[in-house]
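The values are calculated or read from the model by the stated rules, or taken from the named source; none is laboratory data. Predicted, not measured: the structure shown is a model, and the values here were computed from it. Quick reminder, even Gly has a Cβ in these numbers, built from the backbone with ideal geometry, and neighbours come from all protein chains shown.
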Amino acid sequence: MAVALEDADAVVSQSRFAELVGISQPAVSDLIGRGTLSRGATLGTWLLEYCGNLREQAAGRASAGDLDLIQERAALAREQRIKIEMVNAQTRKQLAPVALLEKVLAKVGRQIATKLEAVPVQIKRRSTNLTAEDIDLITEEITKARNLAAAITLDELEDGPVGDSEGDFEGP
């Protein structure tokens, strides 16, 4: 079944477009996959994109070899967009340099460690019922928790759900 040019504003199948321009349906699929043709676009749009691609190839700006300047320009534009998004996120205080985060976390960690080290002494002063063994046990558990927090790495941050105080979460 032939495709009429009056259908330029209609969406056509890959096989019909292939028939119109004289290529195979897999070649059309490949053009869509590479971004040369816009997925789900109209016949008119595909014709413009396909002819533009042919002009680029004829002008030597795109090749079937390793370097496709259109793809390279698109990749460069994408990287520039990502860079601008990162700068904007940093300006909005949604993104911070790792070094700054390390400094903040180290300071908070030191403050928490100081508070934790004082807990056994405060408990000993306030409670006359606890033995020296009880205080030593509390001190030992606080030391374990403090050392665990000090040794954590970024890879371990997604280890378990919030509140997994036993550390026995195995995951889904």
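Details
- Residue in the stretch 47-54 that is exposed (fewer than 10 other Cβ atoms within 10 Å of the Cβ) and in the same structural domain as Asp7 (by TED's automatic domain parsing) present: no
- Only a single criterion out of (1) out of contact with any strand residue (DSSP E or B) (no Cβ under 7 Å at 6 or more places or on another chain); (2) at pLDDT 90 or above; (3) in a loop (DSSP other than H, G, I, E, B); (4) of a type in the set (Gly, Ala, Ser) is not satisfied by Ala18, namely (3).
- One residue from Gly44, Gly40, Gly60, Gly35 being on the phi > 0 side of the Ramachandran plot, modelled with pLDDT under 95 and touching a helix residue (DSSP H, G or I) at 6+ places or on another chain (Cβ under 8 Å): Gly35
- Contacts under 6 angstrom Cβ, first residue in the stretch 99-128 being under 15 Å from Thr139 (Cα atoms), partner surrounded by fewer than 10 Cβ atoms within 10 Å (Cβ to Cβ), 6 or more apart: none
- For the stretch 86-140, filtering for residues that are modelled with pLDDT of 90 or more, in contact with a helix residue (DSSP H, G or I) (Cβ under 6 Å, 6 or more places away or on another chain) and not in a helix (DSSP H, G or I) leaves 0.
- In the stretch 141-172, of all residues being of a type in the set (Ser, Thr, Tyr) and loosely packed, with under 10 Cβ neighbours inside 10 Å, the one that is modelled with the highest pLDDT corresponds to Thr153.
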